[in-house]
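Working notes for the structure below.
The values are calculated or read from the model by the stated rules, or taken from the named source; none is laboratory data. Model, not experiment: these values are computed from the prediction. Cβ atoms come from the backbone with ideal geometry, glycine included; neighbour counts cover every protein chain shown. Just the protein is used for accessible areas: all its heavy atoms, side chains included, with ligands, DNA and RNA removed. Shrake-Rupley method; radii C 1.70, N 1.55, O 1.52, S 1.80 Å.
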Amino acid sequence: MKKMYRAFCSLEELLCGGILCGIVALAFATAVGRCINRPLSWTVEVSQFLLAWLAFLGADMALRHGRVTGVDLLTRKLPQKGQAAVKLITDLLILALLIAFVRFGYALCVSNLKRSYQTVGISYAWATAACPVSSLLMIVTILMECWQQLCILLGKSTKEG
């Protein structure tokens, strides 16, 4: 299971890198198009669509790698179990927020089904789906983090073969 999750994480990182390269290429194409008086209006909408997905998938990657802003000024003085307890509480609060993102993000997707990008014609729901889909991925990340904190609190090893 851990190998499958690691493979998924690698795929997610590769996807984010590809999306970022795509956004850069589209921005370059837009600039070149304007320079030769052949503007490419569709590139802006596709870039916005890709940016939505990149931002949300990147948030999952940041969460997984512990790169989310945190203030450890007070907690770093606590013993390991105290730090784990504080981390568990904050993770549970984040989990509640992510569940709300999934619930309301899904409703936003449904409400945007008939709205579409003007030049590319795809439904805006595909862009708004980035929120609930990435929130689901972040829920998995948070649950794994909660498990690690619980293992620390209970004095059990989190290492699996």
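Things to note:
- Residues of segment 25-43 classified as among the hydrophobic types (A, V, I, L, M, F, W, C) and either closer than 20 Å to Y117 by Cβ or in contact with a His (Cβ under 6 Å, 6 or more places away or on another chain) (or both), total: 6
- Matching residues, segment 84-127, being open to solvent by 60 Å² or more (accessible area, probe 1.4 Å), in contact (Cβ under 8 Å) with a residue 60 or more places away in the chain and part of a helix (DSSP H, G or I): K87, W126
- Flag for V86 being under 21 Å from C16 (Cβ atoms) and either aliphatic (A, V, I, L, M) or modelled with pLDDT under 90 (or both): no
- Residue match in segment 63-82 (condition: open to solvent by less than 50 Å² (accessible area, probe 1.4 Å), polar (S, T, N, Q), in contact with a helix residue (DSSP H, G or I) (Cβ under 6 Å, 6 or more places away or on another chain) and touching a residue at least 60 places away in the same chain (Cβ under 8 Å)): no
- Flag if S41 is in contact (Cβ under 8 Å) with a residue 40 or more places away in the chain and out of contact with any strand residue (DSSP E or B) (no Cβ under 6 Å at 6 or more places or on another chain): yes
Yes/no matrix, rows are residues, columns are (1) in contact with a strand residue (DSSP E or B) (Cβ under 8 Å, 6 or more places away or on another chain); (2) of a type in the set (A, V, I, L, M, F, W, C); (3) at pLDDT below 95:
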| residue | (1), (2), (3) |
| --- | --- |
| A62 | no, yes, yes |
| S116 | yes, no, yes |
| S135 | no, no, no |
| C146 | no, yes, yes |
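- On inspection, F49 passes the criterion of being part of a helix (DSSP H, G or I), under 17 Å from C16 (Cα atoms) and among the aromatic types (F, W, Y).
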